[in-house]
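The values are calculated or read from the model by the stated rules, or taken from the named source; none is laboratory data. This is a predicted model, so every value here is computed, not measured. Note that we place each Cβ from the backbone using ideal geometry, even for glycine, and neighbour counts take in every protein chain shown. Please note that ligands, DNA and RNA were not included when accessible areas were found on the heavy atoms of the full protein model with its side chains. Shrake-Rupley method; radii C 1.70, N 1.55, O 1.52, S 1.80 Å.
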Amino acid sequence: MIKGKKTLMPDALIDKTEPSFNAEPVLDALIVGAGFSGMYQLICLRDRLGLSAKVLEAGSGVGGTWYWNRYPGARCDSESHVYWYTFDKKLMQDWDWSERYPEQPEILRYLNFVADRYDLRRDIRFNTRVVRADYDAAANLWRVRTEAGELYSARFLITAVGCLSTANVPNFPGLEQFKGDWYHTGQWPHEGVDFTGKRVGMIGTGSTGIQAAPVIAKTAAHLTVFQRTANYSVPARNVPLTPEFKRWIKENAEEIRSLTHETQNGQSFRIETRKALETSPEEREKIYEAAWERGGLQFRAVFEDMMSSKAANDTAADFVRRKIRSIVKDQATAAILSDIDHPYAGKRPPIDTDYFETFNRPNVSLVDVKAAPIECITADGIRTAAAEYPLDIIVFATGFDAMTGPLMAMNIHGRGGEALRESWNAGPRNYLGLQVSGFPNLFMITGPGSPSVLCNMPVAIEQHADWITDCIAHMRANGLDRIEAQQEAMDSWIEKVNQAAAATLLSTVPHSWYLGGNVPGKPRVFMPYAGGMANYRRICDDVAAAGYPGFEMSASERVAAE
Ligand code: N01
């Protein structure tokens, strides 16, 4: 590795000849990101295939999402018994979750446990942010540069950068003059934030804000929630796991794993086959009530037509709105919270612990910034079109430049210097979510064009990392070292992605981050593949079994001569 380069060179000055990049041996694979996906991809490539592989990670530890998102109340919305790796039976037997939904510190402990167990840290370079990646066609290598100016060369470049890792801090005028402290939930300080006695303003009521508000309200002198789009939420009903349930998980780990491979959302519950519109209003009410009591993401699975028929969805939406109005005592606040403009689960549905109940506390108030938008941040707080709110702390629960943001931040350039940013300027395009034409030997884990965020993430991650591993193994077995998605395959896959989105209500919500609606100027394109994880797995398996049609594989001269 070349050390000591603290500044980045202008492109024209970069020596792209192999020797200057080769102070460290050329790697078989370079993986970017040490969260769930990068860690597993390292295990696959290094330990399963015996390749030279390294991971570059911007953080100082493993964990990805769970390393960065340390905000109060951060907890996974998937249940713990499906939110883990399943590639190693023994690993599943050796780890115990403590609660129905694992909390951020526990997930981080789990990922550190995995890193220790498989001795991953020796091949992860921490505090290392990738700032540019170029495909060098002559050498058939990826040349990767870090913020510190280090250079890496690798045959395969694999992005494991997560979908929700580029913080979206809205460009409100005046933030720099705010005298208090401000934080984005996705870049939370490791030492935590003490809200005791403080006037806190929180902007954003997505899954994050809905988790954070009840916890912040417990210690803050006052919490003001700034809501732009009202949101649904269903109780999580988190509980400690009983010894019996823990035993049940161990005894049924394999069956649970199989089930998560069969379902379209990678969860261990199936979507019911009954239809809301064919169920009597009384029966429907009972079903919703039972799902509300049970809590969690299953609420969305109680009727088959909930996500495809607006009329069916209206019955769920109406039920949740009535619940909000029955929980929140102040009717003006209840009206703002329940004035929801999109179908239930049309945006990622949050689940919560006492979110709506929090608005009954005397130290919590709600501000409708749809009615009176935020105009600026002042030295003392937040000013909307209607009033100024004095604050000591502002929490931005304002989400992420989702899915494409982390990839764009890597500044990737493919064959002929083509920038990914340019090639995706009208929205992401790829084949199977895995590869982009013009970017040979670049694989993306759970990026756009794959089920990704519409699926329980560890299930989607293991499927992608396994597929990429099998693909590279196939290439090596056949003396091939170059793979690139073909343009026609990409075009027809994107058509399928669009068709799948159009068949659901997911694509009807203009402000959803699924289609970039939360970031000003971002192309409005529905990004994940909504055709279901089990279907997607079958499609990917079929492609592999048929010898990878849609991908062009070849041997560079060096490999051909070997
Ligand atoms: O972000 P979001 P998030 N002025 O984009 C508002 C995952 N996750 O961090 O809807 C005022 O959903 C914005 O308003 P609007 C999960 O996949 C998982 O909450 O754009 N408000 C919205 O209310 C989730 O979906 C878990 O009108 C502004 C909020 O900020 C994803 O992460 C837990 C604004 C952003 O909501 C992202 O969730 C938490 C502005 N200028 C999150 N800009 C677990 O499973 C934005 N907003 C544990």
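Volume per residue for the range 335-459 equals 190 cubic angstrom (convex hull of Cα atoms). Solvent exposure of D330, expressed as accessible area, is near 80 Å², computed with a probe of 1.4 Å over the protein chains only.
Computed FRET efficiency, Cβ-Cβ of E262 and A379, R0 45 Å: what is it to the nearest 0.05? Walk me through the numbers on the way to the answer.
Values: r = 56 Å, r/R0 = 1.25.
Working from the Cβ atoms, E equals 0.20.
Largest accessible area first, the listed residues H190, H474 line up as H190, H474 when surface is computed with a 1.4 Å probe on the assembled protein chains. Only protein heavy atoms count here; under a 1.4 Å probe, R228 has an accessible surface of about 150 Å². Here L51 sits with roughly 10 square angstrom of accessible surface, probe radius 1.4 Å.
Can you compute 3J(HN,Hα) from phi for each residue in the range 169-175, using the Karplus curve 6.51 cos²θ - 1.76 cosθ + 1.60 with θ = phi - 60°, rounded to whole Hz and x for Gly and Pro? For the range 169-175, the Karplus curve yields 9, x, 7, 6, x, x, 3 Hz.
Rounded to the nearest Hz, the phi-derived 3J(HN,Hα) couplings of the range 370-387 under the Karplus curve 6.51 cos²θ - 1.76 cosθ + 1.60 (θ = phi - 60°) are 7, 5, 9, x, 5, 9, 6, 9, 9, 4, 10, x, 10, 10, 9, 5, 10, 6, where x marks glycine and proline. Restriction of the GluC sites (Glu not before Pro) in the range 142-227 to DSSP coil positions whose beta-carbon has at most 11 other beta-carbons within 10 angstrom yields E191. Candidate cross-link partners of K250 among the aspartates and glutamates, defined by an alpha-carbon separation under 13 Å and a same-chain spacing of 8 or more, comprise D88, D94, D96. Is the shape of the range 309-408 rounded, prolate or oblate, going by the alpha carbon gyration tensor and its root eigenvalues a ≥ b ≥ c, with a/c under 1.5 for rounded and a/b larger than b/c for prolate? In terms of gyration-tensor shape, oblate. Distant-in-sequence amide contacts of R75, defined by a placed amide H-H separation under 5 Å and a gap of 5 or more residues or a different chain, comprise Q104. Shape of the range 402-488 from the C-alpha gyration tensor: oblate (a/c of 1.5 or more and a/b not above b/c, with a ≥ b ≥ c the square roots of its eigenvalues). Only helices enter the 222 nm calculation for the chain: every DSSP H run of n ≥ 4 contributes -39,500 (n - 2.57), and dividing by all residues gives -9000 deg cm²/dmol, rounded to 500.
Close amide H contacts of H184 (hydrogens built in the peptide plane, cut-off under 5 Å, sequence separation of 5 or more or a different chain): F396.
From the Kirkwood radius over Cα pairs of the chain, Stokes-Einstein at 37 °C and 0.692 mPa s returns a whole-number translational diffusion coefficient of 133 µm²/s.
Per residue, the chain exposes an accessible area of 40 Å² to a 1.4 Å probe, with every protein chain left in place. Between R125 and V55, L56, E57, the built amide H atoms are under 5 Å apart, and every one of these is 5 or more places off in sequence or on another chain. Once you have a ≥ b ≥ c as the square roots of the Cα gyration tensor eigenvalues for the range 454-510, tell me rounded if a/c is under 1.5, and otherwise prolate or oblate according to whether a/b is larger than b/c. Judged from the Cα gyration tensor, the range 454-510 comes out oblate (a/c at least 1.5, b/c at or above a/b).
Couplings 3J(HN,Hα) for the range 415-420, derived from phi with the Karplus relation 6.51 cos²θ - 1.76 cosθ + 1.60 (θ = phi - 60°), are 4, x, x, 4, 8, 4 Hz, where x marks Gly and Pro. A 1.4 Å probe over all protein chains sorts M444, M307 by accessible area into M307, M444, starting with the largest.
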